[in-house]
Structures are given as structure tokens and as C-alpha cells.
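Worksheet: one structure, shown below.
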Amino acid sequence: MYNYQYVKLGTKHRMSDFAELILPIAEGMLAMAKVDPESVKMIHIEKDNWWVPRHHSMVEGRAIVLINRDVSASMQPQGASFFSPSGQIGIRATVLSHDPNNHAHTQMGVVLPIRHRFDDLEPGRRKSGFILVRFDREGFTNGDTYIPIEEDSEYLIKVLGLHEDIPTNGCFSMRFDETVGKPDARVYLPTHSLI
């Protein structure tokens, strides 16, 4: 694995911090599938479902989608105050996309609530929308903001390919830190770990 380094905001950090998150998140998804099989789905990515999040070079492959759900207060796992949909980070889902013919196209996506920039957005559209932070095996990161044309409680599962309807997409690609809504997101997320 390459050990890329760069300097941002006076802090050194490695791209490998993100690349190394893929395995533990995937292991967590597998553990969830064993405990709650309904929370994890596998979908086939094809040319026809172009809207499903994936590596920019990937044409066909598979995606494993975990919908993160809140559980009752008596059953809260360790770290729930941070990782649950209602927690500090507010993870709504994770998506592992993979092309079996090209492992370089493996990419992890983490779905988070919209936190930034769209101050005048109607509450229903804000609640339906989400951001998706993505990182690949090289540690390259990017982020997209998804906002439906109108309020849609099923918008997330449509975008993730878990619904028969095509989403009414409004997708904005932005710099990673801007998407997450924290100027130091490349430092913050790996140090808090998404596992």
C-alpha cells in the first residue's frame, strides 16, 4: 500500500488512514449481517442503475449495503452515541462497492446527514437528503451531497439501489471537508474511526 502524505491546516496525516478503515468497516458489516440479516443487502451494480454510489471507474460489480438503525435504549451497543443514526456522527448507512474483476475499484461509502451549506433547504428535503463520504483502497476521498427534488422518505434506499424506483437525483460533488461540514474532516474521521 502506498503511504501518501500531505499537509493540510498544519497537520500531517496519511491517506492510508482512510484505506485502512475499509477492512474493519466491512468486518462490522459482516458481524451485523449475522445478528440482523435484514439490515444488510447485496445488490448488483450495472450500467442501468448508474445512480448507485460506486468508484468513478467502476461499470459493473456488487455493493453490500448496511442500513444503520437505532435500537432501543436498553440494547444500545458500545459507541452508539457516536455511530448510531441519532448519534454524534449520525451514520445512516454504509456501502461497500466492489468490482470482482478489478479490486482497485473497491470503495467504502458512509452515509451521513446533511450538515452544511444548504441553510435555506426545506426541512423535509433536508431530512430526506444525505451526504456520502467515500474512500478507496488507496485512501483517496471524495464526497457527494444528495438532495431530492421534493421530500421523499425512501430517497436513501432508492439511491442505494434497494428500491424499484429511480431517485429524483440532485447530487452535488464537493471537496471532502466541505461535504462532511468540518474543516479538518480528513483528520477527524480517521482519528475517531468509523468502526
Residue hits (segment 9-32; modelled with pLDDT under 85 and open to solvent by 60 Å² or more (accessible area, probe 1.4 Å)) are Leu9, Gly10, Lys12, Arg14, Glu20, Met32
Out of (1) assigned to a loop (DSSP other than H, G, I, E, B); (2) aliphatic (A, V, I, L, M); (3) closer than 25 Å to His44 by Cβ, what's the single condition that is false for Val133?
-> (1)
Restricting attention to segment 107-153, and to residues there that are more than 10 Å from the chain's Cα centre (by Cα) and basic (Lys, Arg), which single residue is modelled with the lowest pLDDT?
-> Arg117
Which one of these does Thr94 not meet: (1) modelled with pLDDT under 90; (2) buried (at least 20 other Cβ atoms within 10 Å of the Cβ); (3) out of contact with any Pro (no Cβ under 8 Å at 6 or more places or on another chain)?
-> (1)
Output the number of the condition that Ser84 fails; it satisfies all remaining conditions of (1) modelled with pLDDT of 90 or more; (2) crowded, with 19+ Cβ neighbours inside 10 Å.
-> (1)
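The values are calculated or read from the model by the stated rules, or taken from the named source; none is laboratory data. Computed from a predicted structure; not experimentally measured. In this analysis, Cβ positions are derived from the backbone assuming ideal geometry, glycine residues included, and neighbour counts consider all displayed protein chains. Keep in mind that these areas ignore ligands, DNA and RNA; they rest on the heavy atoms of the full protein, side chains included. Shrake-Rupley method; radii C 1.70, N 1.55, O 1.52, S 1.80 Å.
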